[in-house]
Amino acid sequence: MSTPTLQTVPALGTHPVAGSNPSRAETREQLSKATYDLLVIGGGILGISTAWHAAQSGLRVALVDAGDFAGATSSASSKLLHGGLRYLQTGAVKLVAENHFERRAVSRTVAPHLANPLTFYLPVYKGGPHGAAKLGAGVFAYSALSAFGDGVGHLLSPAKAQQDVPELRTENLKAVAVYGDDQMNDARMALMTVRAAVDAGAVVLNHAEVTGLRFTRGRVTGAELKDRTSGDEFGVSARLVLNATGPWVDHLRKMEDPNAAPSIRLSKGAHLVLKRTSQWKAALATPIDKYRITFALPWEDMLLLGTTDEEYEGDPRDVSVTEKDIDQILDEAAFSVRDQQLKRDLITYSFAGLRVLPGGPGDTSKAKRETVVTEGTGGMLSVAGGKWTTFRHIGRTVMKKLESLPGHPLGDDFEPINELPKRMPLPGVANPRAVAHRLLVDNPAPGPRMAADTAKHLATHYGSLAFDIARLANENPELAERVHPDAPEIWAQVAYARDHEWAETADDVLRRRTTLTIRGLATDEIRGKVEDLLGKK
């Protein structure tokens, strides 16, 4: 499938506006009255991707999450779709090639409106853990495994690199290795995948906590739930239940079997978001030691720094960024970033997520990011681990596992996953530059034209669905106003999040459906207005 050209993007006046999502009460009733082929518990990207692929296969699918979709680790990543340069050190050549294939499929065909290419500079300093020749050969091999689709990995002079990254520290800088990967807004990518699952027939509900499992003759056949927004209790029956709760996967396994042994361990990854002191045309990936790299990424007009990697043993709900994390991230960034860009008063937001790793000994930074699928004593499947980059592959892998279960618990009335299209696009797929152009030139209603930064933001976060938001703004001038003067978002996005993207709380809107929180602009006044628009006051 080719990327749509400018001529194929519909004009504002011709793009149909989809109907609103059903109410929570309607969804609860729908969930409680039907028997589903598959109940997915957990609305992170692993659960969402599996629900999407299962619904495409013709299964009756339900998806629930105790919090918001992508409300935990899936919106707390490093925002990268990448092949995994560091995996070359361990000889995992096949893994890197597979990651590159998935990365390019997502960024070129599945979601070109939500991902964008990003050039990485890997600085080589005197006394650093790797030499220039080794890194030069490494980035060449890395680009070769991507069939040179992002150019040829090579070495660059420090002077040229500093032109693109003005805050690059050049003292003792010997050379810079160059390679290409892709970047995304992880929360937006997850939400579009939820929408794709719903478009394929899945029934979804966030803020619905599992309070217990249903059993039939010893097998898990559903779950008891509580709607956290209303307090209503209800249940869902299903032929098969998938536990995709990420850091909580063992908590749910113990609901199935109180004697279940721990299957995972957790690693905390913290990040900082800072205001940029200059424009960056590339990202920095700086080796800290033989295994770890620290990133400095231009993202959402800001600078994203991180990440940490340390074992975490507390309650997943309590994960947070500590002063120690902030010190570590800033200290490691200082290897390659000048001090004026690392002042604490530039920090607008910090966040931490938990990587789910297979149980076992050893340093978490050296552990493989592999996906593990297990079957419990009651027949519940649990999936944990993996990488954002391979979310489609993980969904397909879980579906193949479901298909291979003895006794065909899903029945025969579904299409095998291998027969589905390999590169099904996500909703809104379009060339974002073409969408932004149409948003700027099309204005069927009287009034001021859309600002250029708003048009670009809508195009790169919604694709062609941005026209629905533009129509809301055209029909109601108040919705065309900016939420905050220093951010590109407009109030129409809040109304759209409420009616079409399952937003229930101010955090759902400000943290995951817009960028207000990460920019440090989610003031009490704005939060109150968002709650008013959501009808929560």
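Do the conditions hold for residue 516, that is, is it open to solvent by less than 20 Å² (accessible area, probe 1.4 Å) and part of a loop (DSSP other than H, G, I, E, B)? So that I can check it myself, show each step before the final result.
Working: open to solvent by less than 20 Å² (accessible area, probe 1.4 Å): yes; part of a loop (DSSP other than H, G, I, E, B): yes.
Answer is yes for this residue.
A quick yes/no check of all residues on (1) at pLDDT 85 or above; (2) out of contact with any Pro (no Cβ under 9 Å at 6 or more places or on another chain); (3) open to solvent by less than 60 Å² (accessible area, probe 1.4 Å); (4) acidic (Asp, Glu):
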position	(1), (2), (3), (4)
393	yes, yes, no, no
422	no, yes, no, no
439	yes, yes, yes, no
469	yes, yes, yes, no
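Residues that are of a type in the set (D, E, K, R) and in contact (Cβ under 8 Å) with a residue 60 or more places away in the chain: does the range 170-178 have at least one? I'd like the intermediate steps shown before the answer.
In the first step, residues of the range 170-178 are kept if they are of a type in the set (D, E, K, R); the result is 171, 174.
Filter again for in contact (Cβ under 8 Å) with a residue 60 or more places away in the chain, leaving none.
The answer is no; no qualifying residue exists.
Which of the residues belonging to the range 480-500 are surrounded by fewer than 23 Cβ atoms within 10 Å (Cβ to Cβ) and farther than 21 Å from residue 274 by Cα?
480, 481, 482, 491, 495, 498, 499, 500
Being among the small types (Gly, Ala, Ser), open to solvent by 40 Å² or more (accessible area, probe 1.4 Å) and either at pLDDT below 85 or farther than 15 Å from residue 56 by Cα (or both) narrows it down to one of 404, 365, so name that one. Walk me through how you get there before you give the answer.
Details: 365 fails: open to solvent by 40 Å² or more (accessible area, probe 1.4 Å).
Only one candidate passes the filter, namely 404.
Quick check on the range 213-222: of everything there that is at positive phi and in contact (Cβ under 8 Å) with a residue 12 or more places away in the chain, which residue is surrounded by the most Cβ atoms within 10 Å (Cβ to Cβ)?
Kept after step one, since they are at positive phi, are these residues of the range 213-222: 217-218, 222.
Now restrict to residues that are in contact (Cβ under 8 Å) with a residue 12 or more places away in the chain: 218, 222.
Values: 218: 9, 222: 24.
Result: 222.
For the range 179-202, how many residues meet the condition of being among the β-branched types (Val, Ile, Thr) and crowded, with 23+ Cβ neighbours inside 10 Å?
As a first pass, look at the range 179-202 and keep what is among the β-branched types (Val, Ile, Thr): 193-194, 198.
Filter once more, so that each one left must be crowded, with 23+ Cβ neighbours inside 10 Å: 193-194.
The total comes to 2.
Does the range 234-244 contain any residue that is touching a residue at least 60 places away in the same chain (Cβ under 8 Å) and either among the β-branched types (Val, Ile, Thr) or touching a Cys at 6+ places or on another chain (Cβ under 8 Å) (or both)?
Narrowing the range 234-244 to residues touching a residue at least 60 places away in the same chain (Cβ under 8 Å): 234-244.
Those left that are additionally either among the β-branched types (Val, Ile, Thr) or touching a Cys at 6+ places or on another chain (Cβ under 8 Å) (or both): 236, 241.
Yes, because at least one residue in the range 234-244 is touching a residue at least 60 places away in the same chain (Cβ under 8 Å) and either among the β-branched types (Val, Ile, Thr) or touching a Cys at 6+ places or on another chain (Cβ under 8 Å) (or both).
Please give the strands (runs of 3 or more DSSP E) falling wholly within the range 240-304 in which 2 or more residues are of a type in the set (Val, Ile, Thr) and surrounded by 20 or more Cβ atoms within 10 Å (Cβ to Cβ).
On the way: elements: 264-275, 283-287, 293-299.
In the range 240-304, the matching strands (runs of 3 or more DSSP E) lie at 264-275.
What are the residue pairs meeting all of these: first residue in the range 309-326, first residue part of a loop (DSSP other than H, G, I, E, B), second residue open to solvent by 40 Å² or more (accessible area, probe 1.4 Å), Cβ atoms under 6 Å, and 6 or more apart or on different chains?
Partner pairs satisfying both residue conditions: 321/350.
Each row is one residue, and each column tells you yes or no for (1) open to solvent by less than 10 Å² (accessible area, probe 1.4 Å); (2) farther than 20 Å from residue 202 by Cβ.
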site: 43; (1), (2): yes, no
site: 46; (1), (2): no, no
site: 51; (1), (2): yes, no
site: 54; (1), (2): yes, no
site: 69; (1), (2): yes, no
site: 77; (1), (2): no, yes
site: 84; (1), (2): yes, yes
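Go through (1) within 20 Å of the chain's Cα centre (by Cα); (2) open to solvent by less than 20 Å² (accessible area, probe 1.4 Å); (3) modelled with pLDDT under 95 and name the single condition residue 98 misses.
(2)
The values are calculated or read from the model by the stated rules, or taken from the named source; none is laboratory data. The structure presented is a predicted model; accordingly, all values stated were derived computationally and were not measured. FYI the Cβ positions are ideal-geometry reconstructions off the backbone, even for glycines, and counts take in every protein chain you see. Surface accessibility is based on the protein's heavy atoms, side chains included, excluding ligands, DNA and RNA. Shrake-Rupley method; radii C 1.70, N 1.55, O 1.52, S 1.80 Å.
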